[in-house]
Every structure is written in structure tokens, then in C-alpha cells.
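Data block below; observations after.
The values are calculated or read from the model by the stated rules, or taken from the named source; none is laboratory data. Given the structure is predicted, the values throughout are model-derived calculations rather than measurements. Please note: Cβ atoms are built from the backbone with ideal geometry, for glycine as well, and neighbour counts cover all protein chains shown.
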């Protein structure tokens with residue numbers, strides 16, 4: 001299993017001579033010296049890029065030399081696999097293979113995101129159909145298929161994918177709470193196995209962003225607010241996903257660590273997917289350095305790819321030099337000077353989605369609910385053309401543009417002399433090396449019948465269940481209510497599973513007056529402050545504090561005074577518990593947990609071992625007064641970062 005080193009300071013793997021698995025549908029197979037190879041270009045000869053005995057670098061060099069400009073341009077965009085009966089690739093039916101033939105065969109695109117929501121074995125069937133279509137290409141270049149996270153609880157369109165049979169672990173922030181890098185690595189390694197089993201090759205994760213602005217909607221996908229701890233968990237996630245801490249392996253999944261850099265310092269917590277959230281304020285060079293330091297683990301574990309962030313950075317400088325006020329995907333200083341130069345990163349730089357799109361008036365200030373056509377994030381370069389954005393991005397260091405299938409600007413830029421062919425070749429080689437390292441040129445197919453033996457295995461489901469339970473944080477435990485002995489007890493737990501309650505030995509009752517214990521499950525409060533924006537309508541923004549009209553407050557206030565109460569809060573963002581805490585006897589925070597995992601923690605069957613991965617503020621005024629760039633900067637937090645209680649022995 002040869003490892004690919006994508007960091008500039010590492011060495012290429014040695015060539016392999018043992019027969020590797022070869023699989024084709026229509027591409028002929030060549031036999032030479034008792035070994036078999038795919039005749040990818042159908043010329044009857046064994047050309048170097050077809051020879052799996054050579055290193056990924058040597059094979060990529062040979063292939064790049066054989067490619068036309070149009071074929072090269074296709075490698076530099078990251079499209080979307082079209083879905084049947086859906087939009088933007090979302091589908092529970094399958095891919096539209098007929099539609100796919102245009103971007104794949106006519107536009108030469110060979111990297112796509114999948115947004116299918118189907119059973120794992122069905123996804124495997126569909127991904128094999130994509131690879132079969134790719135065999136019709138002149139050079140037989142296989143398709144690399146990416147996915148947003150699928151193995152967590154929360155589902156947000158465009159930021160995560162429905163689990164649908166994949167093993168469910170806590171959110172990434174839950175691993176930060178558990179703070180056991182070995183568990184993070186185990187999760188990532190198993191996730192990689194599930195991805196490769198169904199034909200996914202690229203993970204658009206993990207996030208190395210710091211959770212410094214409590215209102216930011218994407219905190220649940222971070223590892224927390226401490227740069228050193230975030231770095232450690234990012235390294236563990238990359239190592240597990242790619243199969244090695246030295247780079248991508250043949251059975252690994254390429255990690256796209258994101259978002260370089262400072263994304264978590266979102267002004268007012270507003271996310272940069274939308275025009276109103278296009279700025280991040282990193283405060284000063286010292287604060288900015290902490291956001292950069294969170295990526296150290298990505299570099300040490302040799303991540304194969306990095307995704308630049310969306311927002312324009314305010315008050316950002318490196319070595320006393322101010323960073324230009326354009327988004328990182330267009331920022332030569334951030335990508336070329338710092339990332340490529342200082343950190344010697346030589347992997348693939350993939351832009352986030354929509355950065356080359358034009359942001360219209362409806363994109364900036366919608367008068368109606370935005371549709372996919374208004375999605376654009378060209379922050380800092382809104383006033384230049386799409387063509388100029390492509391040129392500026394590639395000059396800055398981008399290798400592949402996410403969320404677009406437009407290859408014409410790249411072709412035109414070379415033809416007009418705005419980009420050199422040598423610069424294009426650099427990017428194309430980086431992209432192709434990952435395909436060769438993963439063995440896709442030799443066997444792009446998956447065994448559909450084997451999916452069930454990999455995805456959702458009982459032992460792995462148990463590990464994920466234990467992680468959900470163990471990552472929870474006990475914040476309050478009056479009179480040592482917890483751990484609670486559920487045997488023969490009556491429990492009032494609106495919305496919770498009767499089966500999960502029954503499995504503890506307790507009975508779920510409908511009336512709190514009948515109960516021995518009440519469990520109220522809730523999540524961090526939020527508001528929909530920008531309902532006309534495509535992402536603003538979905539993301540949780542605004543307040544973090546509970547008010548009288550919140551369902552959890554109303555539920556707690558309606559309970560009998562003497563009834564013991566557990567408040568279980570999903571910390572999707574750092575909740576302000578000041579108003580609600582006095583209404584319960586115990587408070588347990590979770591970061592993505594099933595009812596069964598919650599009950600296992602409450603009963604002590606699995607001891608909660610988590611600690612807060614960020615501070616919980618005491619008031620909204622404290623949140624508004626803090627710096628968005630500094631970790632745990634809230635004055636007099638109700639619960640400081642690292643807080644946890646333990647059950648009495």
C-alpha cells in the first residue's frame with residue numbers, strides 16, 4: 001500500500017511490482033510479462049501512465065504530456081453529479097447519466113461532488129455507472145467523487161449529507177469535547193472505509209476553523225476553540241481518512257482540510273456563504289496567528305488538499321504585511337506566499353463553491369427567496385468578470401474551482417496569454433497524482449455485494465454509539481441526580497423514543513404528573529435573521545440565549561415543581577444557559593447523540609467524559625462585546641472552556 005506524499009518536503013513512494021487489482025467494463029486489458037494493465041487510451045500499447053508499477057508522480061507526468069489544453073482545463077473544475085428528480089445534484093433516485101455525459105465526456109471534467117441520499121449499496125451502484133461512463137473518454141481518466149460529511153447527525157443542505165445508512169458518530173465538535181485524538185482517528189479511518197466501499201474518494205472535511213465567534217452557524221463542524229487541540233484532532237482526522245500520517249494511501253480518502261484561514265472570526269457570527277457575512281475580523285496579527293496554527297496538524301499529517309475560506313479578512317497581517325482585502329481563493333499572499341511558501345504545501349488547492357460566480361443585486365439584497373441561481377461568493381472581486389476571477393484565482397494558487405463546470409475561461413486564458421501552460425500543468429499534475437495514488441486508473445469500481453460487510457457493521461455502530469455517549473458533558477448535577485437508575489421508573493420525555501426509554505427498564509409516560517423523572521431535549525436557540533437568502537434561510541443565526549417563548553422554556557416551566565428534571569442540550573452553537581439553568585436539576589450537553597446514547601450517559605452505562613470545547617457565554621451582551629477572533633474571549637462565561645463535572649464514585 002504505497003503512500004503518496006503531497007507535502008513539498010516529502011519523498012515519492014517507491015514503485016510497486018506486485019500485481020494490483022485491475023477492473024474494466026469496456027477498456028481493454030493488456031498483458032505483459034504475466035502482469036495485467038488497463039489500456040486506458042486504447043492504443044494496444046503499455047504507456048507509462050497505464051503502468052501501475054510506476055510512481056503516481058511519474059504516471060502523472062506522462063499523462064499530462066499527452067493531454068490537450070481542453071482535457072487539462074477539465075481537471076481544474078469540480079462539478080456536480082446530476083441527480084434524477086432533484087436539483088443541484090440532490091436525489092434519492094440516482095444520477096442522470098445521460099446529462100452527465102456532457103460535463104464528463106465533452107468538457108473533460110473528472111472530479112464531481114455527489115449529493116445522493118440513498119442506501120449505501122445503491123450509491124455504490126450509481127458510482128460504478130459514473131466510472132463506466134468515464135471509460136469512454138479518450139484517455140480513460142477515472143472520476144474522483146467527493147462528498148460532504150455523511151457520518152454525523154445534523155443535516156444542512158450544502159454543508160452536510162444525510163447519513164442514510166452510514167454509521168452515525170457525533171458531530172466533529174463532539175470529538176473536540178471528547179478530546180481523544182485516537183477516537184477521532186478511529187472515526188476517520190472507519191469513515192474512509194465506508195466512503196471507499198461505496199465509491200467516494202474525496203472528503204470535503206475536516207474543518208480546521210477555530211470556534212471563536214459563538215454565533216457562527218458552522219461551529220458544530222469544528223473541533224473547538226483551542227488552536228493546539230484543533231490541530232491535534234485535524235491531524236488525527238487526516239491520518240485516519242487518508243490512511244497514513246505521511247500522505248494519501250491507495251485505500252485512503254483524500255482530505256480537503258478547510259477553510260484556510262480565519263473563517264471562524266465571522267463578523268457578528270454571519271456566515272460568508274451570504275453577502276451580508278462576507279467579512280471575518282481576525283483582530284490583529286497575533287490573533288490571526290492562532291487561526292493559522294490550527295492548521296499545523298493538517299501539514300504534519302500531509303493532507304492532500306486544502307480549501308480556502310470565503311470571507312475577506314479584516315485586520316489581517318503576516319510578518320507585519322497587511323493581507324489584501326480579497327477572499328483567500330484570490331489571495332496570492334495567503335495561498336502562494338504563506339501556504340505554498342512558508343508551509344511548503346504542495347497538495348491540491350480546491351476553491352470553495354461559487355467563488356467565480358457573479359453576485360447580482362438579488363444575490364446581495366434579495367427581494368424574494370433566493371434560488372440556486374443567486375448563489376455566489378466572489379468576495380472582494382465582485383466587480384471583475386468571471387474570466388478575470390478564474391485568472392486571478394489560478395495566479396493566486398488555486399488548482400481546482402469548486403462548484404462550477406465552466407472550463408472555457410481557463411482555455412481562453414491560456415490561448416490569450418493570461419495564463420501559461422506550465423502553470424496549468426502544475427495544477428493538473430497535482431489533481432492527477434491523487435487519482436493515481438488511490439489506484440483509480442487501475443480499478444475505479446467498487447464491489448456492490450461487499451458494501452454491507454463494511455458499512456453499518458454492528459461493532460462499528462457500537463463504537464459510534466459509545467462516542468456519542470462519552471462525548472457528552474455534564475454541566476449541572478444537583479443532589480447527584482445523575483447517574484440515574486431507570487429501572488422500573490416512569491419517565492416523561494416528550495419527543496424521545498419509547499423504545500429507547502424501555503430499553504433502560506423505564507416506562508415512557510405522557511403526563512409529567514405520573515413521572516419519576518423528566519428529560520427535556522433541546523438545542524441551542526437561534527433565529528432566522530435573513531430568510532430571503534438561500535443559506536440564511538437554513539442556517540441558525542442570532543441569539544444564543546433562551547427566552548420565555550422557546551419550547552424548552554415553556555416545557556420546563558410547565559413541569560411539577562418537585563419533579564426531578566434533566567435538561568439535555570444539543571450544543572449546535574455555544575448556548576447561553578443563564579435563564580434556563582435554574583429550571584432543571586441536571587444539565588447535560590451533547591454534540592449529536594441518539595436517544596439511546598443520551599440515556600446511556602444519563603444512566604452511567606457509558607460515563608460522560610466530555611469537556612466543553614469552547615466557553616458558554618453568560619449573556620448576549622457578553623457575546624456582542626467579545627472579539628470574534630479570540631478563543632474564549634467572552635467575559636465571565638457561565639461555563640468556561642474545558643468545564644465538566646464527573647459522576648460521584
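Just give me the residues in the stretch 504-530 being assigned to a loop (DSSP other than H, G, I, E, B) and either within 20 Å of residue 590 (Cα to Cα) or modelled with pLDDT under 95 (or both), in sequence order.
Those that are assigned to a loop (DSSP other than H, G, I, E, B) and either within 20 Å of residue 590 (Cα to Cα) or modelled with pLDDT under 95 (or both): 504, 524, 525, 526.
Conditions: (1) surrounded by fewer than 19 Cβ atoms within 10 Å (Cβ to Cβ); (2) under 28 Å from the mean Cα position of the chain (by Cα). Residue 548 meets all but one. Number of the miss?
Failing condition for residue 548: (2).
Out of the residues in the stretch 383-400 meeting the condition of being in contact with a helix residue (DSSP H, G or I) (Cβ under 8 Å, 6 or more places away or on another chain) and in a loop (DSSP other than H, G, I, E, B), tell me which one is nearest to residue 531 (Cα to Cα).
Out of the qualifying residues, it is 384.
Given the options 417, 380, name the one that is in a loop (DSSP other than H, G, I, E, B) and free of Cβ contacts under 8 Å to residues at least 12 places away in the same chain.
After applying the criteria, what remains is 417.
Is it fair to say residue 141 is surrounded by fewer than 24 Cβ atoms within 10 Å (Cβ to Cβ) and touching a residue at least 12 places away in the same chain (Cβ under 8 Å)?
No: the conditions fail for residue 141.
Is it the case that some residue within the stretch 176-198 is under 14 Å from the mean Cα position of the chain (by Cα) and either closer than 28 Å to residue 277 by Cβ or at pLDDT below 95 (or both)?
no
Right, residue 110: under 23 Å from residue 64 (Cα atoms) and at pLDDT 95 or above or not?
Against the criterion (under 23 Å from residue 64 (Cα atoms) and at pLDDT 95 or above), residue 110 qualifies.
Here are 460, 424: which of them is more than 26 Å from the chain's Cα centre (by Cα), part of a helix (DSSP H, G or I) and either crowded, with 18+ Cβ neighbours inside 10 Å or in the same structural domain as residue 65 (by TED's automatic domain parsing) (or both)?
It is 424.
Filter the stretch 511-545 down to the residues that are touching a strand residue (DSSP E or B) at 6+ places or on another chain (Cβ under 8 Å) and surrounded by fewer than 15 Cβ atoms within 10 Å (Cβ to Cβ), then identify the one that is farthest from residue 618 (Cα to Cα).
514
For every residue, the table says whether it meets (1) in the same structural domain as residue 402 (by TED's automatic domain parsing); (2) at pLDDT below 95; (3) surrounded by 18 or more Cβ atoms within 10 Å (Cβ to Cβ); (4) in contact with a helix residue (DSSP H, G or I) (Cβ under 7 Å, 6 or more places away or on another chain).
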| residue | (1), (2), (3), (4) |
| --- | --- |
| 287 | yes, no, yes, no |
| 290 | yes, no, yes, yes |
| 293 | yes, no, no, yes |
| 314 | yes, no, no, no |
| 322 | yes, no, no, no |
| 330 | yes, no, yes, yes |
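Does any residue in the stretch 335-346 that is on the phi < 0 side of the Ramachandran plot and not assigned by TED's automatic domain parsing to the domain that holds residue 296 come within less than 7 Å, Cβ to Cβ, of a residue that is crowded, with 19+ Cβ neighbours inside 10 Å and in a strand (DSSP E or B) six or more places away or on a different chain, and which pairs are these?
Hits for this filter: zero, empty list.
Looking only at the stretch 628-649, count every residue that is out of contact with any helix residue (DSSP H, G or I) (no Cβ under 7 Å at 6 or more places or on another chain) and touching a residue at least 60 places away in the same chain (Cβ under 8 Å) and tell me the total.
Looking only at that region, the number is 10.
Based on this model, can you work out whether residue 126 counts as buried (at least 21 other Cβ atoms within 10 Å of the Cβ) and in contact (Cβ under 8 Å) with a residue 12 or more places away in the chain? Walk me through it before giving the result.
Details: buried (at least 21 other Cβ atoms within 10 Å of the Cβ): yes; in contact (Cβ under 8 Å) with a residue 12 or more places away in the chain: yes.
Answer is yes for this residue.
Is the stretch 229-243 home to any residue that is over 14 Å from residue 184 (Cα atoms) and either assigned to a loop (DSSP other than H, G, I, E, B) or without any contact (Cβ under 8 Å) to a residue 40 or more places away in the chain (or both)?
Within the stretch 229-243, none of the residues are over 14 Å from residue 184 (Cα atoms) and either assigned to a loop (DSSP other than H, G, I, E, B) or without any contact (Cβ under 8 Å) to a residue 40 or more places away in the chain (or both).
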